[in-house]
Amino acid sequence: MADDELTRLEHRYRELKKRLQGLGFAVAGTITERYTLCGKASCRCHADPPQRHGPYYQYSRKVAGKTISRLVTAEQADEYRQWIANRRTLNEITAAIDEISHQAAELLTRPSATQP
């Protein structure tokens with residue numbers, strides 16, 4: 001029975017490794033879409049209803065505990081969204097691999113019934 005379980009875990013582990021191979025770039029962070037008001041009183045952004053300027057896209061991430069941000073184009077924002085999604089997938093896959101590895105370790109280090 002332990003051999004069947006170990007075989008199942010190994011199969012699942014190989015499936016997860018295959019998913020990792022085709023993942024692509026993975027970055028942590030967020031993309032924010034902003035619409036702003038300017039300082040010109042006669043501008044359309046101060047009308048009723050307001051028509052704000054934008055969208056402006058901003059990529060943000062944490063580096064050494066500080067938030068780093070930069071403006072990006074709409075096309076770059078789409079790329080970053082895919083890379084951020086890849087990062088989430090990477091985190092899910094590595095968490096699953098970790099869990100499978102712990103289960104396999106338990107099976108492999110369990111004392112057998114035939115040991116004295």
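The values are calculated or read from the model by the stated rules, or taken from the named source; none is laboratory data. No experiment lies behind these values; they were computed from the predicted model shown. Neighbour counts are summed over all protein chains in view; Cβ atoms, including those assigned to glycine, are modelled from backbone coordinates with ideal geometry. What goes into the accessible areas is simple: the full protein's heavy atoms, side chains included, and nothing from ligands, DNA or RNA. Shrake-Rupley method; radii C 1.70, N 1.55, O 1.52, S 1.80 Å.
If I ask for residues that are part of a strand (DSSP E or B) and under 24 Å from Gly39 (Cβ atoms), which ones from the stretch 50-59 would you list?
Of the stretch 50-59, the ones part of a strand (DSSP E or B) are 53-59.
Within the stretch 50-59, His53, Gly54, Pro55, Tyr56, Tyr57, Gln58 qualify.
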> Of the numbered conditions (1) hydrophobic (A, V, I, L, M, F, W, C); (2) touching a helix residue (DSSP H, G or I) at 6+ places or on another chain (Cβ under 6 Å); (3) within 21 Å of Arg81 (Cα to Cα), Leu37 satisfies every one except a single condition; which is it?
Replying inline: (3)
>> Restricting to the stretch 40-69, and then to whatever is farther than 18 Å from Arg81 by Cα and of a type in the set (Lys, Arg), can you tell me which residue is nearest to the chain's Cα centre (by Cα)?
In response: Lys66
> Restricting the search to the stretch 65-116, which residues are surrounded by fewer than 14 Cβ atoms within 10 Å (Cβ to Cβ), assigned to a helix (DSSP H, G or I) and basic (Lys, Arg)?
Replying inline: Arg88
> Only one of Lys17, Lys40, Lys62 is surrounded by fewer than 14 Cβ atoms within 10 Å (Cβ to Cβ), assigned to a loop (DSSP other than H, G, I, E, B) and charged (D, E, K, R); which?
Replying inline: Lys40
>> The conditions are (1) at negative phi; (2) open to solvent by less than 80 Å² (accessible area, probe 1.4 Å), and Gly54 fails exactly one of them. Which is it?
In response: (1)
>> If a residue must be outside any loop (DSSP other than H, G, I, E, B) and open to solvent by 60 Å² or more (accessible area, probe 1.4 Å), how many such residues does the stretch 21-37 contain?
In response: 5
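Looking at Ala113, Ala85, which one is modelled with pLDDT of 95 or more and either over 25 Å from the mean Cα position of the chain (by Cα) or not basic (Lys, Arg) (or both)? If you could, list the steps in order and put the result at the bottom.
Working: Ala113 fails: modelled with pLDDT of 95 or more.
On inspection, the qualifying residue turns out to be Ala85.
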